[in-house]
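Notes follow once the structure below has been shown.
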Amino acid sequence: MIALADCNNFYASCERVFRPSLNGKPVVVLSNNDGCVIARSNEAKALGIKMGEPAFKSRYIFEKYDVHIFSTNFVLYGDFSNRVMSILSSNVPEIEVYSIDEAFLNLEGIPNKKQFSLELREKVLKWTGIPLSIGVAPTKVLSKMANSMAKNKSENNICILEHVDSINRHLKEFSISNIWGIGWQLTKKLNSMGIYNAYQLTEKSDLWIQKQMAITGLRLVKELRGEPCLELEDKWRRKKSITTSRTFAHGIDNIRDLSKALTTYASICAAKLRKENSCAKSIYIMLATDTSRPGHKSCKIINLNTPTNDSLEIISHCTEALRNIYNSNYIYKRVGVIVSDIVPQSKVQLTVFDKTDDIEKRQHLMQAIDIMNHKYGRLRVRFAVNGYSPRWHPHQEHLSPCYTTRISDLMRIKG
DNA sequence: TCTGGGGTCCTAGGACCC
DNA sequence: TCTGGGGTCCTAGGACCC
């Protein structure tokens with residue numbers, strides 16, 4: 001049996017841990033640039049604030065009902081995630097951390113799954129302040145469904161689906177649009193064929209499923225029937241691509257500021273590569289004007305002879321590519337860097353033109369930068385091309401302190 | 001004024017080869 | 001008269017997830 005443990009309203013719950021006065025009150029967390037709503041407390045959901053909705057559309061609700069607004073604070077959420085995951089992993093034989101706020105757990109050998117889930121939920125809540133929902137079922141896809149039941153239809157946020165009868169009963173009440181792996185396109189298509197609930201899907205033949213939903217769809221439906229097709233992946237996997245991109249508060253109309261932003265994202269990508277002990281063989285830069293209006297997009301791919309994770313090298317390729325594709329007739333609103341074709345650093349093949357001495361020197365330099373930035377904060381040590389007074393920074397009006405990771409942000413007790 | 005950011009997997013179709 | 005058959009690799013784009 002597999003459990004899916006999922007933190008309730010995760011970002012909103014993190015913000016509340018150090019602000020208990022917000023319990024029972026509507027809280028929302030906004031995406032980067034304070035663009036749209038990406039997390040809501042139950043009270044905010046009850047006010048009709050929609051997930052992914054642009055913040056300005058709900059502005060009047062925020063004011064009328066005194067909704068507490070936060071900008072995303074990924075340092076804080078990442079730290080809470082680590083705490084929750086380490087508690088979960090110390091209580092089960094196997095775990096797959098699926099995202100920042102959820103994990104699949106292998107419950108093999110655990111006799112009373114309901115009691116176990118209740119105790120685990122209690123422990124995480126007591127130790128971290130984060131409430132969980134736990135759904136237990138024979139496969140991953142079914143545990144996702146059980147989790148949804150746990151969140152919405154159970155008093156204690158626990159749902160165990162063990163027997164065929166109860167699984168089928170729930171499948172009949174479960175809309176296909178809520179199935180993990182079925183998005184709005186497939187929902188539209190299947191609805192037009194008269195399929196509305198998960199049970200109807202399990203009754204179709206394998207051939208029909210594969211024709212309509214391809215191989216991933218067939219795996220998904222088998223999982224719905226209780227036949228495990230998706231394994232728990234407990235191993236750390238090297239990322240296949242790494243992206244750093246942002247939308248700005250205000251458009252940029254000059255190549256100097258654009259270059260500062262782009263090279264900053266290039267150095268963040270390089271640092272992320274080094275953190276994984278990876279090197280990338282291709283770099284992709286992209287520029288876009290305001291996406292809400294018809295505009296302009298351009299991109300450039302740079303293929304390297306030798307994979308790298310050296311910030312200076314990646315920065316210089318990006319700067320050159322920017323000069324090639326920059327068009328001074330446009331005002332840019334978004335830029336980004338994607339590094340891909342990733343290989344382990346230990347397996348990098350040098351060419352005859354690479355100077356190993358230089359590479360080693362630069363590796364030491366990068367290491368020193370990483371150590372300092374780890375200690376004093378990302379981008380504290382930066383490159384001159386990154387600039388210092390970023391006029392191009394995104395909006396973050398409602399940022400909370402990093403209570404758990406920055407000494408100056410620690411809570412103080414009045415004596 | 002105003003719509004995020006970071007990923008993965010799959011497929012169709014083109015290029016190329018023998 | 002009239003244009004094979006089978007394979008691989010790569011890439012762009014779609015769909016989906018949180």
For q = 0.11, 0.15 Å⁻¹, what log10 I(q)/I(0) does the range A:242-324 give under the Debye formula with an equal point scatterer on each alpha carbon and no solvent? -0.30, -0.54
If you take the charge dipole of the range A:290-415 about its Cα centre, with +1 on Lys and Arg Cβ and -1 on Asp and Glu Cβ, which of A:Ile359, A:Gly295, A:Ile407 is farthest toward its positive end? A:Ile407
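Kirkwood Rh, the range A:1-141, all Cα pairs: how many Å? Working shown, then result.
On the way: mean 1/r = 0.0626 Å⁻¹.
Answer for the range A:1-141: a Kirkwood hydrodynamic radius of 16.0 Å.
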Farthest toward positive dipole pole in chain A [+1 Lys/Arg, -1 Asp/Glu at C-beta], among A:Ser340, A:Val97, A:Leu218: A:Ser340
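Can you run the Rg to Rh ratio on the range A:103-158? Use alpha carbon positions and the Kirkwood inverse-distance Rh.
Working: Rg = 10.9 Å, Rh = 11.5 Å.
We get a ratio of 0.95 for the range A:103-158.
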Least to most buried among A:Glu15, A:Glu53, by other C-beta atoms within 10 Å and fewest first, runs A:Glu53, A:Glu15
Cα pairs beyond 11 Å in the range A:37-84, in percent, come to 72
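What's the Cα-based Rg to Rh of the range A:252-297, Rh via Kirkwood? Don't jump to the answer; show the numbers that get you there.
Values: Rg = 13.6 Å, Rh = 12.5 Å.
The Rg/Rh ratio comes out at 1.09.
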Please give the per residue volume of the convex hull enclosing the alpha carbon atoms of the range A:149-267, rounded to a whole number of Å³. 225
Once you have a ≥ b ≥ c as the square roots of the Cα gyration tensor eigenvalues for the range A:315-394, tell me rounded if a/c is under 1.5, and otherwise prolate or oblate according to whether a/b is larger than b/c. oblate
The range A:10-69 - Rg (one decimal) and Dmax (whole number), Cα, Å: 10.4, 28
When a/c reaches 1.5 or more, the comparison of a/b and b/c decides; with that in mind, is the range A:1-41 rounded, prolate or oblate per its Cα gyration tensor? oblate
With no solvent and one equal point scatterer per Cα, compute the Debye intensity ratio I(q)/I(0) for the range A:216-289 at 0.15, 0.21, 0.25, 0.28 Å⁻¹ and report its log10, rounded to two decimals. -0.71, -0.93, -1.15, -1.30
Packing-wise, with mean Cβ within 10 Å as the measure, how do A:66-73, A:331-338, A:237-244 rank, highest first? A:331-338, A:66-73, A:237-244
Percent relative contact order for the range A:259-334, counting Cα pairs under 8 Å at least six residues apart, stands at 40
Which Rg and Dmax, in Å, describe the Cα atoms of the range A:191-343? 21.6, 60
So what is the relative contact order for the range A:62-168, in percent, with contacts set as C-alpha pairs under 8 Å and at least six apart? 17
Considering the Cα positions of the range A:161-200, please state its Rg to one decimal place and its Dmax as a whole number of Å. 10.8, 32
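Determine the dipole magnitude for chain A: charges of +1 sit on the beta-carbon of Lys and Arg, -1 on that of Asp and Glu, nothing else is charged, the reference point is the Cα centre, and the result goes in debye to the nearest 20. Spell out each step's value before the answer.
Details: 58 positive and 41 negative charges, 167 e Å.
Here the size comes out at about 800 debye.
Per Stokes-Einstein, at 25 °C and 0.890 mPa s, what whole-number D in µm² s⁻¹ belongs to the range A:56-201, with the Kirkwood radius over Cα pairs as the hydrodynamic radius? Before the final figure, lay out the partial values.
Details: Rh = 17.4 Å.
The Stokes-Einstein estimate is 141 µm²/s.
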Could you tell me the largest-minus-smallest coordinate of the C-alpha atoms of chain A on each of the three principal axes, in descending order and whole angstroms? 65, 63, 46
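Normalised radius of gyration for the range A:268-415, please: alpha carbon Rg relative to 2.2 N^0.38 Å, two decimal places. Please report the intermediate quantities before stating the final value.
On the way: Rg = 18.7 Å, N = 148, 2.2 N^0.38 = 14.7 Å.
In units of the globular-protein estimate, the range A:268-415 measures up at 1.27.
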Take the Cα pairs of the range A:284-334, get the Kirkwood Rh, then feed it into Stokes-Einstein at 25 °C and 0.890 mPa s and tell me D in µm²/s. 202
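The numbers here are math on the coordinates, done by the rules we state, and not lab data. Not measured: the values here are computed from a predicted model. Positions of Cβ are generated from backbone atoms using ideal geometry, with glycine treated the same way; all protein chains shown enter the neighbour counts.
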